[in-house]
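Just below is one structure, and these are the notes that go with it.
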Amino acid sequence: MRSKFAVQLYTLRDEIEKDFPGVLKQLKQMGWAGVQMRVPSQYKAEEAAQIAKEIGIVTAGMHVPIERFEHDLEHIVKEAGLFQTKDVICPYLTEDWRNEDGYRKVKRILTDAANKLAPLGLRVSYHNHDFEFATKLDGRSALEYMLDPTDGNPILAEIDVYWVKKAGKDPLAFIQPYTGRMPIIHLKDMTNDERKTFAPVGTGTIAFEPILDWCMKSGVEWLVVEQDVCLGDPMDSIRTSLHNLNKMAERYEAGAV
């Protein structure tokens, strides 16, 4: 399990702008197996990929805006090759997409991209927030509509368990239909107070051990921590998350989960 732990660099977006190589070295020393790549503004993709390679930290997928899936597939393929990853994920939709027509268009764009990229060994996934649950299409939430596991749908899931809980759903129950269809999952916790905001894994209200057990049995390849906002030093937050994940991994390996 520990070889699957990665951190989404959005969590450290300010830190990597100041010292990208230094951050990657700290993550490697801390014990993270990989990162979901985010290229700092002062680097080219080629430079960032070379730094990651020299440090020896693996890329656990890349987040790519929906507009690039529609208009820039050639460069997506190039960047995936540079970072030696096969997973490209649509991470977020601006408000103008968050309506019935918008979600239907997103599904068409990602389906077309996935069909074109599959012969090249690349997979396309969609990362959720809570807003996809606010729109219904064909009797389902927009998220379930886009990720429908039937009829050969090539769009895979990158479920973020925090946002599922934020939408009032049970994360463990929600991910069940995506067995074999979720190469990467996003982990973040929710504070146990009226704010219900972001928290390091293992410090809040989400029961992660059953989720991790499901992941290990259901084809999940990367367990990625992303904490959108950290109340203190983001490095301290992800250190806490990794410490707690390692303790869960120990219990899993001992058969206690």
Which residue, of 103, 145, is open to solvent by 10 Å² or more (accessible area, probe 1.4 Å), assigned to a helix (DSSP H, G or I) and over 25 Å from residue 208 (Cβ atoms)? 145
Checking residue 248 against (1) within 18 Å of residue 33 (Cβ to Cβ); (2) in a loop (DSSP other than H, G, I, E, B), the condition it does not meet: (2)
Matching helices (runs of 4 or more DSSP H) fully within the range 150-244 where at least 3 residues are within 28 Å of residue 85 (Cα to Cα) and aliphatic (A, V, I, L, M): 208-217
Given the criterion among the aliphatic types (A, V, I, L, M), more than 29 Å from residue 118 (Cα to Cα), in contact with a strand residue (DSSP E or B) (Cβ under 7 Å, 6 or more places away or on another chain) and open to solvent by 20 Å² or more (accessible area, probe 1.4 Å), identify the matching residue among 229, 257. 229
Which helices (runs of 4 or more DSSP H) sit wholly inside the range 1-79 and have at least 2 residues that are closer than 30 Å to residue 213 by Cα and open to solvent by 80 Å² or more (accessible area, probe 1.4 Å)? 13-30
Test: residue 89 is within 19 Å of residue 113 (Cα to Cα), among the aliphatic types (A, V, I, L, M) and either touching a helix residue (DSSP H, G or I) at 6+ places or on another chain (Cβ under 9 Å) or open to solvent by 40 Å² or more (accessible area, probe 1.4 Å) (or both): no
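The values are calculated or read from the model by the stated rules, or taken from the named source; none is laboratory data. Keep in mind that what you see is a predicted model, and the values were worked out from it rather than measured. Positions of Cβ are generated from backbone atoms using ideal geometry, with glycine treated the same way; all protein chains shown enter the neighbour counts. Note: accessible area is taken over every heavy atom of the protein model, side chains too, but ligands, DNA and RNA are not part of it. Shrake-Rupley method; radii C 1.70, N 1.55, O 1.52, S 1.80 Å.
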